[in-house]
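See below for the structure under consideration.
The values are calculated or read from the model by the stated rules, or taken from the named source; none is laboratory data. Remember, it's a predicted structure, so these values are computed and weren't measured experimentally. Counting neighbours? That spans all protein chains shown, and the Cβs are built from the backbone with ideal geometry, glycine included. Each accessible area value is taken on the protein alone, full model and side chains, heavy atoms only, with ligands, DNA and RNA left out. Shrake-Rupley method; radii C 1.70, N 1.55, O 1.52, S 1.80 Å.
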Amino acid sequence: MDFVMLPVHWMILFILLLVIELLTMGLTTIWFAGGALAGLIANVCGLDFWPQMMAFVAVSFLLLFFTRPFAVKYVNKGHVSTNVDELIGMEGVVLEEIDNLRASGRVQVRGMEWTARSQNQEQKIAKDKIIEVCAIEGVKLIVKEKENN
């Protein structure tokens, strides 16, 4: 059985992949749209089905392999940290003892109160100790006690 891809099939695939990319903006289908364009060119040049498919696959993966790292680096270039992201590395004070086992603990960082948990699951951090914010999980700060209290 012979498979046949008409130029219109490649054009539909190309447009469909571009539309999906525009809707998701995830840099997932753009590489395959380039492959579909290569398949269309192979079709217009009179090549049979399998050479068209090989052109589609080869160009798609070459684009993915060689241009994706560059595109990801520059597409995410404008990422702006939120105020919460800026808390990581900051110091604060414990308002209520931090005890992960009891799921309790509050800290104050930059004048704001936060629920907090200890980075070390077994370590309790006493009230009035100075902490450093290590991470943020949901609305909780993950903290550790400062070494030089």
* **Matching residues in the range 112-129 - criterion: being open to solvent by less than 60 Å² (accessible area, probe 1.4 Å) and of a type outside the set (S, T, N, Q)** => Trp114, Ala116, Arg117, Ile125, Ala126
* Selection from the range 101-111 of residues that are of a type in the set (Lys, Arg), surrounded by fewer than 13 Cβ atoms within 10 Å (Cβ to Cβ) and within 17 Å of Glu132 (Cβ to Cβ) -> Arg110
* Asked: Restricting the first residue to the range 109-120 and requiring it to be under 7 Å from Val143 (Cα atoms), which pairs with a second residue that is of a type in the set (Gly, Ala, Ser) and open to solvent by 60 Å² or more (accessible area, probe 1.4 Å) meet a Cβ separation below 8 Å and a spacing of at least six or different chains?
  -> Arg117/Ala103
